[in-house]
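The values are calculated or read from the model by the stated rules, or taken from the named source; none is laboratory data. All values derive from a computational prediction rather than experimental measurement. Quick reminder, even Gly has a Cβ in these numbers, built from the backbone with ideal geometry, and neighbours come from all protein chains shown. In case anyone asks, the SASA skips ligands and DNA or RNA and just uses the protein heavy atoms, side chains included. Shrake-Rupley method; radii C 1.70, N 1.55, O 1.52, S 1.80 Å.
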Amino acid sequence: MKGNDASHDAAHAFRVRDLALSLALEEGISSSSDSALIVELAALLHDIDPSDGKIVENFLDKEGMEESKKMRILSIIKEMGFKEEIGGVTGGNYSPEFGVVQDADRLDAIGAIGIARCFTFGGSRNSVLHDPNIKPRSDLSKEKYINKDEQSTLNHFHEKLLKLKDLMRTKAGRRRAEKRHKFMEEFLEEFYEEWDGRA
């Protein structure tokens, strides 16, 4: 992950791990040591670039991970992305471990940390901060979501971040998302007022 920008660095993975374990505790699934291990490893490894081949699978094999646990970890990692969901990859059947890891990743994408990560990511791609003439895309497919050309950093709030609260899979995740979502709405309101010279 050392080549990643600060929006997807090791600190992000550690925050997601901490959030996922905390959500697992609230959801009552951390009492099983298998579940806790699966949650922790899936959270820590979720952003390892899949284009690097089988880096996660090879790591788990090297560490002697039992095959059934390894497959559960790999399944969580493979299906948890937002682009997978809008592409129809993730269905209604998911494990409790998947729910807490995905919610933890999504929680780290919203609120104060999410705002900071959004602008860090946009800056690393030299994206336009905001252009009122570039409207957020409402009919996102996986292909359109991946294609970030001619999009502003601010549009990412409307195309993804403001949708995450309603996509949370756990009660604990939904509860925490409420506060973070409200913070983003207040930030955007202030941003637009300042952008237009009204504040």
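See the values below:
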read-out: I113, sole failed condition from (1) open to solvent by 60 Å² or more (accessible area, probe 1.4 Å); (2) aliphatic (A, V, I, L, M); (3) under 21 Å from the mean Cα position of the chain (by Cα); (4) at pLDDT below 95; value: (4)
read-out: Checking A24 against (1) hydrophobic (A, V, I, L, M, F, W, C); (2) surrounded by fewer than 20 Cβ atoms within 10 Å (Cβ to Cβ); (3) modelled with pLDDT of 95 or more, the condition it does not meet; value: (2)
read-out: Output for segment 15-31, where each listed residue is over 13 Å from the mean Cα position of the chain (by Cα) and of a type outside the set (D, E); value: L21, S22, L23, A24, L25, G28, I29, S30, S31
read-out: Qualifying residue in segment 43-50 (condition: of a type outside the set (D, E), in contact with a Phe, Trp or Tyr (Cβ under 8 Å, 6 or more places away or on another chain) and not in a loop (DSSP other than H, G, I, E, B)); value: yes
read-out: Those residues of segment 150-199 which are open to solvent by 60 Å² or more (accessible area, probe 1.4 Å), basic (K, R) and in a helix (DSSP H, G or I), in sequence order; value: K163, K171, R174, R175, K179, R180, K182
read-out: Verdict on E143 being out of contact with any Cys (no Cβ under 9 Å at 6 or more places or on another chain), open to solvent by 40 Å² or more (accessible area, probe 1.4 Å), at pLDDT below 90 and part of a helix (DSSP H, G or I); value: yes
